[in-house]
Amino acid sequence: MDMQIRHATEADIPGIDKCLLQVLAVHAEGRPDLFVTGTRKYTDVELSEIIADDLRPVFVAVEEDAEPGVILGYAFCEVQDFSGSNNMQPIRTLYVDDLCVDVDARRGHVGSGLYHHVLGWARENGFHNVTLNVWECNPGARAFYEAMGMNVMKTCMEQLP
């Protein structure tokens, strides 16, 4: 498979929608007390706004000859700039808000391709680090990110009353 990774366009929204539904299904299965089955994180209107926002780059993996709207996976990112912070070093972080490989494209190195593209883009654009959150109900994702070389930075804890 000849795969390209590029910035998302509005034409990619149908494929992004498909992957968003898959991500939500994993989270709703693992934490039905938090996530609503059959929904997705962003509407198409929100996706259009995100794709147009330079501070929220979205990368998609596609086959070279793919039809419009067909993607292999995506990585949603957010620029976090701490240069005006009182207590943090004046760094810029690239936060990976979401990374998904379409269920039909898994085991084809799409995820590692997307992750390495994000890491290279962050390096080329002078970011201090790349961060993300991973849900404990998704041990496969955690193992993937650890295999990519990520380390735990902080832990979010909860207790239900």
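Any read-out appearing in this document is the output of simple, stated calculations on the displayed coordinates, not a laboratory observation. Predicted, not measured: the structure shown is a model, and the values here were computed from it. With ideal geometry, Cβ positions are generated from the backbone for all residues, glycine too; neighbour counts draw on all protein chains shown.
Here are a few things to note about the model shown:
- Highest mean packing comes first when the peptides 26-34, 64-72, 150-158 are listed by Cβ atoms within 10 Å, giving 64-72, 26-34, 150-158.
- Comparing Leu20, Leu114, Ala66 along the charge dipole axis of the stretch 3-147, the residue lying farthest to the positive side is Leu114, per the Cβ-charge model.
- Mean residue ellipticity (222 nm) of the chain, computed from DSSP H runs ≥ 4 via -39,500 (n - 2.57), nearest 500: -10000 deg cm²/dmol
- Whole-number percent relative contact order across the stretch 41-94, with pairs defined as alpha carbons under 8 Å at least 6 apart: 24 percent
- Contact order relative to length of the chain, as percent, for alpha carbon pairs under 8 angstrom and 6 or more apart: 21 percent
- For Gln80 and His116, the FRET efficiency from 1/(1 + (r/R0)^6), where r spans their Cβ atoms and R0 equals 25 Å, is about 0.75.
- Debye, to nearest 20: dipole size of the stretch 3-147, +1 on Lys, Arg Cβ, -1 on Asp, Glu Cβ: 520 debye
- Over the stretch 4-86, equivalent-ellipsoid semi-axes from the Cα gyration tensor in Å: 22, 21, 11
- Shape category assigned to the stretch 1-160 from the gyration tensor of Cα positions, a/c cut at 1.5: rounded
- Between Gln159 and Trp135, full extension at 0.36 nm per residue minus the direct alpha carbon distance yields a gain of 7.1 nm.
- Full-extension gain in nm, Val70 to Arg6, via 0.36 nm per residue minus C-alpha separation: 21.7 nm
- In Hz, Karplus ³J(HN,Hα) per residue of the stretch 115-130 (6.51, -1.76, 1.60; θ = phi - 60°; x = Gly, Pro): 4, 5, 5, 4, 4, x, 5, 5, 4, 5, 9, x, 7, 6, 7, 10
- Unpaired by the 4.7 Å Cβ criterion, cysteines found in the chain: Cys77, Cys137, Cys156
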